[in-house]
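Reviewing the structure listed below.
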Amino acid sequence: MAGGGWARVGDVEYAVELESWESARAPLDAAMGAGLAPYGPYWLGSFDTAEDAAAADQERVAAAAEVFDAWGAESQPQWYSKAADPLPPGFSRH
């Protein structure tokens with residue numbers, strides 16, 4: 001986050017000063033990257049063909065599906081006031 005221009009202002013809060021909306025790209029990229037970082041080990045990238053998908057490590061495919069399906073089904077707060085585990089409750093980190 002700091003590399004994208006953000007400054008920590010609380011336990012889980014960051015702030016960034018922008019001169020204009022056009023200068024938001026790098027800070028938004030940094031925030032999106034930080035938000036997705038916990039899911040990195042489960043991300044498989046994209047598949048160009050069905051054959052590529054079938055050839056992937058199916059255990060990782062199942063783990064990725066579990067993580068992203070659970071994340072999508074959860075109700076997310078409007079604001080985080082404390083750190084939270086981003087992975088689904090009970091998820092076993094393979």
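Considering only segment 68-88, I want to know if a residue exists there that is polar (S, T, N, Q), loosely packed, with under 11 Cβ neighbours inside 10 Å and in contact (Cβ under 8 Å) with a residue 12 or more places away in the chain.
For segment 68-88, residues polar (S, T, N, Q), loosely packed, with under 11 Cβ neighbours inside 10 Å and in contact (Cβ under 8 Å) with a residue 12 or more places away in the chain: present.
Determine, yes or no, whether Trp71 is closer than 23 Å to Ala34 by Cβ, part of a loop (DSSP other than H, G, I, E, B) and among the aromatic types (Phe, Trp, Tyr). Give the derivation first.
Working: closer than 23 Å to Ala34 by Cβ: yes; part of a loop (DSSP other than H, G, I, E, B): no; among the aromatic types (Phe, Trp, Tyr): yes.
In short, no.
Would you check which residues across segment 9-39 are surrounded by 12 or more Cβ atoms within 10 Å (Cβ to Cβ) and among the aromatic types (Phe, Trp, Tyr) and list them?
Tyr14, Tyr39
Just to verify a result, which residue in segment 1-59, among those that are assigned to a helix (DSSP H, G or I) and among the charged types (D, E, K, R), is farthest from Ser81 (Cα to Cα)? Quick ask: steps written out before the conclusion?
First pass over segment 1-59, keeping only residues assigned to a helix (DSSP H, G or I): 2-4, 21-42, 50-55, 58-59.
Subset that is among the charged types (D, E, K, R): 22, 25, 29, 51-52, 59.
Values: Glu22: 28, Arg25: 25, Asp29: 22, Glu51: 44, Asp52: 41, Glu59: 34 Å.
Only one residue fits best here, namely Glu51.
Read-outs throughout are calculated quantities, based only on the coordinates presented, and are distinct from any laboratory measurement. Everything quoted here is computed from the prediction, not taken from an experiment. A quick note on method: Cβ atoms are made from the backbone with ideal geometry, for glycine too, and the neighbour counts reach across all protein chains shown.
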